[in-house]
Amino acid sequence: MKKRIICKNASLGYEDGIVTENLDFTVNSGDYLCILGENGSGKSTLIKALLGLKSAVSGEIIWEGLSARDIGYLPQQTPVQRDFPASVREIVLSGCLAKCGFRPFYNKTEKKLAEDNMKKLHIDHLADHCYRELSGGQQQRVLLARALCATSEMLLLDEPVTALDPKAQADLYALIHDLNRSGITIIMVSHDISSALKYATHILHIAKKQLFFGTVNDYINSKSGIDFIETEGQ
């Protein structure tokens, strides 16, 4: 069975009204989807819906061949999270908590998964370091390794390069691209149009409604794409 998320004419909102509507797109296994939109366009609400934390007001969101729990989530970091006093290993291992169920300890398989993901993201030498002592780029790698412990299918990343210096941004984008090429589906919310066009396979552009969904090449030649690219370039 194919593993994908299908959004069928969905409207999302709260008691005081609709945030965004007419969402009609599919994320297939292996895709790299970048979600674009201005502040207040409904991106955060869409993230909650894709994670199964919020129901559509109308239409539907279908997880085919997987569940919302199969999505590893990398949220935007807060200052409190950046100062978290735990070791890298402890934070990465915490991505396995859902696998533990009622078991109050990590088993050998979960510990190996954490070690493998730290090696994959080139942070295994930092395993015993305190998280809050790391650079911003290193911290994001730790959180990415944690998300990979939760799933090997799909990652949802919310502005993952915010507050990173240009080199750390480039390194993290390259790393995420490598994960996608290894077969992991990527859904990324971003304001960085240049990197979206460089790495993504598909673009979803939303405002109060869906403005565009399709391939990067089609987006570049669409009115929404041309207007957004020109605006961001000013």
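The values are calculated or read from the model by the stated rules, or taken from the named source; none is laboratory data. These numbers were taken from a predicted model, which means no experiment stands behind them. Every residue, glycine among them, receives a Cβ derived from its backbone with ideal geometry; neighbour counts consider all protein chains shown.
Listed values, structure above:
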quantity: Condition check for Ser55: surrounded by 14 or more Cβ atoms within 10 Å (Cβ to Cβ), at pLDDT 90 or above and among the hydroxyl-bearing types (Ser, Thr, Tyr); calculated: no
quantity: Any pair with Cβ under 7 angstrom, 6 or more apart, that starts in the stretch 211-234 at a residue that is under 18 Å from His191 (Cβ atoms) and ends at one that is among the polar types (S, T, N, Q) and surrounded by 13 or more Cβ atoms within 10 Å (Cβ to Cβ); calculated: Leu211/Ser224; Phe212/Ser222; Phe212/Ser224; Val216/Thr201
quantity: Residues of the stretch 212-234 that turn out to be assigned to a strand (DSSP E or B) and touching a Gly at 6+ places or on another chain (Cβ under 8 Å), as a count; calculated: 1
quantity: Residue count for the stretch 22-46, restricted to those that are crowded, with 21+ Cβ neighbours inside 10 Å and either over 17 Å from the mean Cα position of the chain (by Cα) or under 27 Å from Ser152 (Cβ atoms) (or both); calculated: 9
quantity: Qualifying residue in the stretch 211-226 (condition: buried (at least 20 other Cβ atoms within 10 Å of the Cβ), under 16 Å from the mean Cα position of the chain (by Cα) and at negative phi); calculated: no
quantity: Subset of the stretch 1-16 (residues that are free of Cβ contacts under 8 Å to residues at least 40 places away in the same chain and closer than 15 Å to Thr185 by Cβ); calculated: none
quantity: Selection count, the stretch 128-150, where residues are over 19 Å from the mean Cα position of the chain (by Cα) and either assigned to a helix (DSSP H, G or I) or surrounded by fewer than 17 Cβ atoms within 10 Å (Cβ to Cβ) (or both); calculated: 7
quantity: Test: Leu157 is closer than 20 Å to Leu50 by Cα, in the same structural domain as Asn107 (by TED's automatic domain parsing) and either in contact (Cβ under 8 Å) with a residue 24 or more places away in the chain or not in a loop (DSSP other than H, G, I, E, B) (or both); calculated: no
quantity: Residues of the stretch 33-60 satisfying the condition of being more than 13 Å from Val189 (Cβ to Cβ) and touching a Ser or Thr at 6+ places or on another chain (Cβ under 8 Å); calculated: Gly52, Lys54, Ala56, Val57, Ser58, Gly59
quantity: Any hit, the stretch 174-183, residues being touching a residue at least 12 places away in the same chain (Cβ under 8 Å), buried (at least 21 other Cβ atoms within 10 Å of the Cβ) and part of a strand (DSSP E or B); calculated: no
quantity: Filter pass, Val88 being outside the structural domain of Ala207 (by TED's automatic domain parsing) and crowded, with 19+ Cβ neighbours inside 10 Å; calculated: yes
quantity: Every pair of residues 6+ apart whose Cβ atoms lie under 6 Å, when the first sits in the stretch 188-207 and is more than 11 Å from Tyr219 (Cα to Cα) while the second is of a type in the set (A, V, I, L, M) and part of a strand (DSSP E or B); calculated: Met188/Leu157; Val189/Ile35
quantity: Any strands (runs of 3 or more DSSP E) falling wholly within the stretch 1-101 and containing at least 2 residues that are of a type in the set (Asp, Glu); calculated: 17-28, 58-64
quantity: Subset of the stretch 70-108 [at pLDDT 80 or above and among the basic types (Lys, Arg)]; calculated: Arg89, Lys108
quantity: Any hit, the stretch 109-123, residues being modelled with pLDDT under 95 and touching a strand residue (DSSP E or B) at 6+ places or on another chain (Cβ under 7 Å); calculated: no
